[in-house]
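Asks: Structure provided below as structure tokens; questions to follow.
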Amino acid sequence: MCGITGFLDTRREDTSAELDAKVTRMSNAIIHRGPDDSGVWVDSAAGIALGFRRLAIVDLTPTGHQPMISSSGRYVMVFNGEIYNYADMRTELLASGVSFRGTSDSEVMVEAIDSWGLTKSVKRFNGQFAFALWDRRDRVLHLVRDRVGVKPLYFGWCGNVLLFGSELKTLRA
């Protein structure tokens, strides 16, 4: 099932350790969504924190760990769901020179976005998904859901902080 969470604090006052502690608390609120692994990624200069709880299904190895960083280092993503056509997309990306560390659909997604752009990639994703994508170069956070909205993604502002997560529990935490 997996679970994602995080926030963007526009005040940018917290240290990396403080951001890490907050997003870890948010992630732990949905431990039932992903007992196999967890991960956090923070950038205190940008005020961004991403958290993830993993239920390993597609790639059971550590190469499926999230948050997932694109090979260029530009994008950081947390993803909940499944992309049914990821194998075909992976083959196409390999043919264009993209290399992969593992076999997860999340890695295919982040590399597709890095290669083809966000809009074109999302249009090609066939599946059920919700993800948060941080663009480190442009310093933009994208929150994306599949066309039908199968996977949950809650979000809202609390003062200067944009909060998001797979469950409302993460926002309360």
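The values are calculated or read from the model by the stated rules, or taken from the named source; none is laboratory data. Treat the numbers as computed from the prediction; the structure is a model and nothing was measured. Quick reminder, even Gly has a Cβ in these numbers, built from the backbone with ideal geometry, and neighbours come from all protein chains shown. Note: areas computed on protein heavy atoms with side chains; ligands, DNA, RNA excluded. Shrake-Rupley method; radii C 1.70, N 1.55, O 1.52, S 1.80 Å.
Asks: Exactly one condition in (1) out of contact with any Phe, Trp or Tyr (no Cβ under 7 Å at 6 or more places or on another chain); (2) part of a helix (DSSP H, G or I); (3) hydroxyl-bearing (Ser, Thr, Tyr); (4) touching a residue at least 12 places away in the same chain (Cβ under 8 Å) is not met by residue 27; state its number.
Replies: Answer for residue 27: the failing condition is (1).
Asks: Still on this model: Is it the case, given these coordinates, that residue 12 is more than 17 Å from the chain's Cα centre (by Cα) and of a type in the set (Lys, Arg)?
Replies: Numbers: more than 17 Å from the chain's Cα centre (by Cα): yes; of a type in the set (Lys, Arg): yes.
Answer is yes for this residue.
Asks: Of (1) open to solvent by less than 40 Å² (accessible area, probe 1.4 Å); (2) farther than 20 Å from residue 144 by Cβ; (3) modelled with pLDDT of 95 or more; (4) more than 17 Å from the chain's Cα centre (by Cα), residue 85 satisfies all except one. Which?
Replies: Result: residue 85 passes all but (2).
Asks: Please tell me if residue 156 is in contact (Cβ under 8 Å) with a residue 12 or more places away in the chain and surrounded by 15 or more Cβ atoms within 10 Å (Cβ to Cβ). Quick ask: steps written out before the conclusion?
Replies: Values: in contact (Cβ under 8 Å) with a residue 12 or more places away in the chain: yes; surrounded by 15 or more Cβ atoms within 10 Å (Cβ to Cβ): no.
Criteria not met by residue 156.
Asks: Filter the range 89-110 down to residues that are in contact (Cβ under 8 Å) with a residue 12 or more places away in the chain and β-branched (Val, Ile, Thr) and give me whichever is nearest to residue 70 (Cα to Cα).
Replies: 110
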